[in-house]
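All remarks here apply to the structure that follows.
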2 protein chains.
Amino acid sequence: MDKLQQSSYVVCLAFSIVLNLSLIFKLYGHGGQWELSWSRRAAEEAEYVAAVPCSGHGRTYLDGLVLDGKQPACECNSCYGGSDCSQFLTDCESNADGGDPYFLEPFWMQHASESAILVAGWHRMGYTFSDYAYISQELERLIRKVHDIAGNAVTQGRYIVIGAGSTHLLNAAVKALSFSSTSSFNSSSSSPASVVVSIPFYALYEAQTEYFRSVDYKFEGDGSLLQNITDGTKRVIEFVTAPNNPDGKLNKANFQGPNSEAIYDRVYYWPHFTPIPTPANDNVMVFSISKLTGHAGTRLGWAVIKDEEVYQRMLQHTLTSNLGISRDAQLRALKLLKVVVEGGGKEIFQFGYTTMRNRWENLSNALSVSNRFSLQKVEPQYCTFFQKIRGPSPAFAWVKCEREEDKDCYTVLKEEANVYGRSGSVFGAEDRYVRLALIRSQDDFDILLYRLNQLVSKEDAQPQIYMKNVTNPSLS
Amino acid sequence: MDKLQQSSYVVCLAFSIVLNLSLIFKLYGHGGQWELSWSRRAAEEAEYVAAVPCSGHGRTYLDGLVLDGKQPACECNSCYGGSDCSQFLTDCESNADGGDPYFLEPFWMQHASESAILVAGWHRMGYTFSDYAYISQELERLIRKVHDIAGNAVTQGRYIVIGAGSTHLLNAAVKALSFSSTSSFNSSSSSPASVVVSIPFYALYEAQTEYFRSVDYKFEGDGSLLQNITDGTKRVIEFVTAPNNPDGKLNKANFQGPNSEAIYDRVYYWPHFTPIPTPANDNVMVFSISKLTGHAGTRLGWAVIKDEEVYQRMLQHTLTSNLGISRDAQLRALKLLKVVVEGGGKEIFQFGYTTMRNRWENLSNALSVSNRFSLQKVEPQYCTFFQKIRGPSPAFAWVKCEREEDKDCYTVLKEEANVYGRSGSVFGAEDRYVRLALIRSQDDFDILLYRLNQLVSKEDAQPQIYMKNVTNPSLS
């Protein structure tokens, strides 16, 4: 009896000690895990909010609405509804209009741990960093690093200025170049510089340049019209978008000479969207975190600038208009770029390219059987980043309605397929064209593809008298 | 022997069980503590960085430099140096120039847990919120709530637009009002609206208005000069700063009538800096998170607007110039405002007022024995927030050099006390005045006070022939 009792004690003791050890390991064993104090509440809150599944067709956010004072509300993707986004809304509009770059959202969910940031209440309260600069040195370093990795821009010996997205920097560049001495521009000159574009072009260039009604510059639209009448003495600032929004072409400046300056909008010049033939080396180049990592909402872009005076003027623009760029946006960008450069950028660019390439192939396949709709042609090209010839993966489809009577392609897609794109006329082109955004969420793309497949399948039932136009539909 | 052995087993087992229970409690016992997964790394990183003490005279930041690839580098307050900020730099410049609102930093360190945010990598990637708005509904709700609590502005039935700090909104307001139909303003009118101020005034109004060189408005400086020559048909946009920067006066608009519009810059109209006699109810009022919570670096401000058309135009301005305001800045502001409104705002306003009041009293005492320097006079007034008459606690000291020969007060303080303020001429006033910022860190204020005390103490050693001028030194 005593022996038996003693054996039970030994067994119990052994079990208890094993439990001790496993608990101790769990508490302290992960390589000296930090015991969290003031950060725990925020971390728990974030995980609590993120844990709501929303049926895989929506998302909850820290700053979203809160139901019954506790449960974060699901914000459903287009075409999904109900409190948990489980309901498919069959009659919904297919949104292919705005360029929200949610195609990279799954990448960030896969890299949750590396990309999370905990911001302390006292983080960066002042106007400047401790070196009196308005940009974090670490952020600038990472921006240069990511260009080195992608091989898409020369940054050695160049100045970098950040802005509240490329939007902020485009006007900063127009303003700076309208004054620039590098092109013999003179601030006291009586006639404003002419701001020009190539058709089709991103509408903001016109809207923004006209909005400020500055005496220093004037939007004059299609540069090719101006080119024919100018003798080279007219001061010209040219927006060059490469790859172009909407058609993905790697545009080049049309204006040369001492009185011309180009603003290269290179926000889509990343391996996601285009082969990178060579590092860009233009005088003024604009990039954004929005099209690199998908964080449009963060509002952070940068310009890479050759000339010091232009740099100083652009920096001054960001200060006079906004008194610098949000430290919170800078911290976010810093963290995201850290993840991008890990492992030489392979991961995000492979993810981005694969996603965009698949979408383009699916869309091309859907429209290949159509005589009514055609897509822009993009030739395969050697990409120095992937070190191979690669096919197209553009951010947008630039669709042409080929039938004579389909003069308004936007309305055709809207009325016959419930697909909402963006009219060609918004880009200064014919309304026979419509832009479809391919960078939105997977749900958005899936619905778009489904609707287009349905639309194209109806063609067979109708007599076709038009030949498919196979020329490049780009107008520029 | 067996008995003894058995007793030892019992004791060991009991001890082991107690240890197990305490470990289990530690692991799972805090009211069902969330087991952290993807957020843990960010939380640990933030605590690791924040744990570096920097001798209490500096700070480490998540986006600061990193020493030897690991240890975050201390960024020292002015007048402190060394790798751990322990070295007092006796010959350092006393910085009383910029308005970095670090006086509230200790408040946020005391509220570390409530004010921390953990931002997930996929947080708010799109351009808009799910309701297609550019402002979080929760943020707008909290902005209205904080005004209700402070009793400093009417927001019921008013529109709210956010901007990248007040800086962004000031130009948005000028632009919007230059077009506004509410004052019979007409966009096709040939003559630009006159933008005016009262002296002394915040220099950005002039710098920004002139910078954009718009055909819609023109900076005309001192409104009182214009008032004498205008017959009331001239379109006038008046900047009214209340409390005024630099002198703290609760300015009112000088221009009335159908052709005049005022932009009330009310960023200092919080109980920290001024008694709140009544809720402000102006047509266009601008506020900022910078002067409310001390987060200048976040770049977030808002305007409270009566007229819908003016609101729409200001919103359009924020979109055309920046395509909306950083979602990261909005999330930060949301969290900070949540802490502010907890407990009816008592905590932060009491902290802010006590700090600023103490600083003002110390400064007043230091200069009260001086015949050479005088301060602006601020009368005690009833404050509806604190429900009592309270003394002054302004953000800035507006110092006058009383000696005939001290025509350049900035240089006097710089050369005789190594104190760097901001010249009167920067505010359109005489250089006999200088602005000293009182809202900076406690280290900055302590050094300022020490230097001024030293300077004043030297006066006794010199013959005094000037009587102290006791009139209000404000020029407006």
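The values are calculated or read from the model by the stated rules, or taken from the named source; none is laboratory data. As the structure is a computational prediction, the values presented were derived from the model and not from experiment. Backbone-built Cβ (ideal geometry, glycine too); neighbour counts: all protein chains shown. Remember, those area values only see protein heavy atoms, side chains included, never the ligands or the DNA or RNA. Shrake-Rupley method; radii C 1.70, N 1.55, O 1.52, S 1.80 Å.
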Which residues, taken from the stretch B:35-82, are farther than 17 Å from A:Met125 by Cβ, open to solvent by less than 50 Å² (accessible area, probe 1.4 Å) and either among the β-branched types (Val, Ile, Thr) or within 10 Å of another protein chain (Cβ to nearest Cβ) (or both)?
B:Leu36, B:Trp38, B:Ser39, B:Arg40, B:Ala42, B:Ala43, B:Glu44, B:Glu47, B:Val52, B:Ala73
Looking only at the stretch A:390-441, filter to residues that are open to solvent by less than 10 Å² (accessible area, probe 1.4 Å) and among the basic types (Lys, Arg); which one of those is nearest to the chain's Cα centre (by Cα)?
A:Arg435
Output the residue which, of all residues in the stretch B:129-161 that are open to solvent by 10 Å² or more (accessible area, probe 1.4 Å) and touching a Gly at 6+ places or on another chain (Cβ under 7 Å), is nearest to A:Gly64 (Cα to Cα).
B:Tyr134
How many residues does the stretch B:210-229 hold that are away from chain A (no Cβ under 14 Å) and either among the hydrophobic types (A, V, I, L, M, F, W, C) or over 23 Å from B:Ala429 (Cα atoms) (or both)?
3
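Based on this model, can you work out whether B:Phe239 counts as at pLDDT below 95 and over 10 Å from the mean Cα position of the chain (by Cα)?
Working: at pLDDT below 95: no; over 10 Å from the mean Cα position of the chain (by Cα): yes.
In short, no.
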Residue in the stretch B:328-368 that is nearest to the chain's Cα centre (by Cα), counting only those that are at pLDDT below 95 and open to solvent by 10 Å² or more (accessible area, probe 1.4 Å):
B:Lys346
Cβ contacts < 7 Å: first residue in the same structural domain as B:Ala280 (by TED's automatic domain parsing), restricted to the stretch B:150-165; second residue surrounded by fewer than 19 Cβ atoms within 10 Å (Cβ to Cβ) and in a loop (DSSP other than H, G, I, E, B), any location; separation 6+ or different chain. Result?
B:Gly151/B:Pro279; B:Gly151/B:Thr384; B:Asn152/B:Pro279; B:Ala153/B:Pro279; B:Val154/B:Pro279; B:Val154/B:Asn281; B:Arg158/B:Lys306
Answer with yes or no whether A:Ser180 is at pLDDT below 95 and either open to solvent by 20 Å² or more (accessible area, probe 1.4 Å) or touching a Leu at 6+ places or on another chain (Cβ under 8 Å) (or both).
no
Within the stretch A:98-113, is there a residue that is open to solvent by 20 Å² or more (accessible area, probe 1.4 Å), over 30 Å from B:Ala73 (Cα atoms) and in a strand (DSSP E or B)?
no
With respect to the numbered conditions (1) within 7 Å of chain B (Cβ to nearest Cβ); (2) assigned to a loop (DSSP other than H, G, I, E, B), which one is the sole condition not fulfilled by A:Tyr134?
(1)
Select from the stretch B:286-313 the residues that are open to solvent by less than 10 Å² (accessible area, probe 1.4 Å) and among the aromatic types (Phe, Trp, Tyr) and list them in ascending order.
B:Phe287, B:Trp302
Scanning the stretch B:203-237 for residues that are in a strand (DSSP E or B) and among the small types (Gly, Ala, Ser), which turns out surrounded by the fewest Cβ atoms within 10 Å (Cβ to Cβ)?
B:Gly221
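With the condition kept exactly as written, say whether any residue in the stretch A:203-214 is under 19 Å from the mean Cα position of the chain (by Cα), at pLDDT 95 or above and more than 30 Å from A:Ile149 (Cβ to Cβ). Show your work before the answer.
Our first condition is that a residue be under 19 Å from the mean Cα position of the chain (by Cα); within the stretch A:203-214, this holds for A:203-205.
From what is left, the residues that are at pLDDT 95 or above are A:203-205.
Subsequent filtering for residues that are more than 30 Å from A:Ile149 (Cβ to Cβ) retains A:203.
Yes: one or more hits.
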Which residue pairs have Cβ atoms under 6 Å apart, sit 6 or more places apart or on different chains, and have a first residue in the stretch B:319-339 that is within 21 Å of A:Ile162 (Cα to Cα) and within 7 Å of another protein chain (Cβ to nearest Cβ) and a second that is open to solvent by 10 Å² or more (accessible area, probe 1.4 Å) and aromatic (Phe, Trp, Tyr)?
B:Thr320/A:Tyr211; B:Gly324/B:Tyr134
Within the stretch B:287-398, which helices (runs of 4 or more DSSP H) (wholly inside it) include 3 or more residues that are among the charged types (D, E, K, R)?
B:308-322, B:327-341, B:346-368
